[in-house]
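**Q** Provided herewith is a single structure, encoded as structure tokens, for subsequent inquiry.
Every number in this text was worked out from the coordinates using simple rules, so none of it is lab data. All of these numbers come straight from a predicted model, not from anything done at the bench. With ideal geometry, Cβ positions are generated from the backbone for all residues, glycine too; neighbour counts draw on all protein chains shown.
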Amino acid sequence: MVSKATKRVLIIAYLAMYVLVYLAFKAAGVMLVIFVSLLFAVAKSKYDRALIAMIAGTVTFFIIFFEFVVTPEAHADPDVMPDAYAYQVFVNGLIGNPTDNYTNLRSLLLVTGMMIIIQICVQGGLFQIFSFSLIKLTKGNAYALLVAFCFIAMFITAVFNDILTVILLVPLTIEVCWILDINPKIYVLLEAIMVKVGATMFSISSVSDIMISGSFSVSFSEFFLNIGVYSLITFGVTIFFLLGTYSGKLQSATKGIDVLLEYKIGSFIPDRKLLAKCIVVLGCVLTLFALNISFLPADVVTISGAAVLLFWSNVDMKELMNKVDFKLIMYLFGIFVVTGGMQATGLINDIVGLVTLINIKNPLAIVIFALLISAGLSAFIDNIPITRVLIPIIASLIPEGTTTSAIRFAVIAMMVFGVNVGDNLTPFGDTLITYNVAEQNNLHMKPKDFFEIAFKTTLFQYATLIVIFSLQIDPALGLIFLLSYVIGAIIIIRVFKAKMPFSFKKLILAFFKALKRRKKPIQVD
């Protein structure tokens, strides 16, 4: 245990460090120290991340106030009083400004509305019904279980968010596997991988997607058509890869399937009327998202849907408020203030300037660089602060005059896949939630177990995306990448002796048999 005297010394040392950095590099240097300290503290997972973000936000406010009030030469607008200007900078960082279409505030409204809808749907039993219905269809087959668990993980994440999916699905998976007398570890690990793929499906699938789509003015339908479609492709090839490389670790049910099949779907519905209301409101919200009505943006639709469902469902408000993750809202508040301070002091502009010095001109190189920088940072650092800082950096990479071109969407897509799927490169960051939930349900896993599966799978997913985008941007080079991709897949199957649950020969024979049955003349008695 650290003594009180030691803590005081550490606090004084940190304050002295901030003063020295300020004297040497002014406010931008202090903001860099604050941001790095924030990332380090969140990565350690020793303290509540909402508390850390709020402390960092408070320190940022004082830095801004000192910079623009105590030192008048830093004040950029002579028509506004220095203290009012400092508060204006603080508010702009908190909720955004007309220039960026109030992205921060709209992100907060969207996240808050979705959290309320999600928690009411949980009370209605929507997730339990969907999950058990799919699992019962597998009837204990190992390969079918893998596909079912991965599909559930991706679908729930796509419609709601990755953190909720882990909290809901991991305990359910462990319970079902215990009933079927099979080891749940491999299925939980594969679900954790597919959750991050699902987080790239829609503009509402993760907080990072909400921030990215808002900053780049990408609508719900545009996001799905230009990014979500590739999520479906990635899901398909990932299932193929997982079946080929980990089929030997899968177990079919030896017992317990009869018990599972006896369950009736109705037994998982705590309130049928509430479930019906949840389905109606959720269906309307998703429909309005897809219609992309100009005067009904996603944040307005979500917060309105949450208000309607709150009024219509008549749920216990006290119980609901206890379950809504307001810590996430506080965390976002802190992050927005810190990144707003970085913007106001010119730190983000300095970072953008350093990136532009690289002077990448080739469109395909820009796309790959966007993936590398976002995935590399996301692998070790929490997604939300990194996304907020990466947005202006990635925006600076997009060539001028490509407002609606495929290159612009390719760069944005790579950022989305980088910050979301990049979590699977290492057993740190958001993936730690999976371990915590598994431990709470008596399933003990090691980070090494996740790394051995997730790292290879993520590299395969990124290779797939690079091949797809290279074929679109530079077909000649894309064909070379495709050839290398196919050779690599053959090496994985042959050298590592990966076995598929089917063979292409059997698949072709089954296809021709089906054709023969259709061509067989019908005999009339």
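**Q** Using a/c under 1.5 as the rounded threshold, could you call the stretch 339-472 rounded, prolate or oblate? The axes a ≥ b ≥ c are square roots of the C-alpha gyration tensor eigenvalues, and prolate needs a/b larger than b/c, oblate otherwise.
**A** Note, shape of the stretch 339-472 comes out oblate.
**Q** Among the listed pairs Lys323/Lys456; Lys139/Lys327; Lys136/Lys456; Lys136/Lys249, which have their C-alpha atoms separated by more than 28 angstrom in this model?
**A** Correct reply: Lys323/Lys456; Lys139/Lys327; Lys136/Lys456.
**Q** Turning to a different aspect of this structure: Taking the Cα centre of each part, how many Å lie between the stretch 264-324 and the stretch 204-253?
**A** Rounded to whole Å, the Cα centres lie 24 Å apart.
**Q** Based on the alpha-carbon gyration tensor of the stretch 297-418, what equivalent-ellipsoid semi-axes (square roots of 5 times the eigenvalues) come out, in whole Å, largest first?
**A** The answer is 36, 18, 13 Å, longest axis first.
**Q** A further question on this structure: Report the label-to-label distance for Asp100 and Val280 in nanometres (one decimal), using points 7 Å from each Cα along the Cα→Cβ vector.
**A** It works out to 3.9 nm between the two label points.
**Q** With a 10 Å Cβ neighbour count serving as the proxy for reagent exposure, in which order, fewest first, do Tyr435, Tyr246 appear?
**A** On the way: Tyr435 21, Tyr246 17.
Final ranking by Cβ density, sparse to dense: Tyr246, Tyr435.
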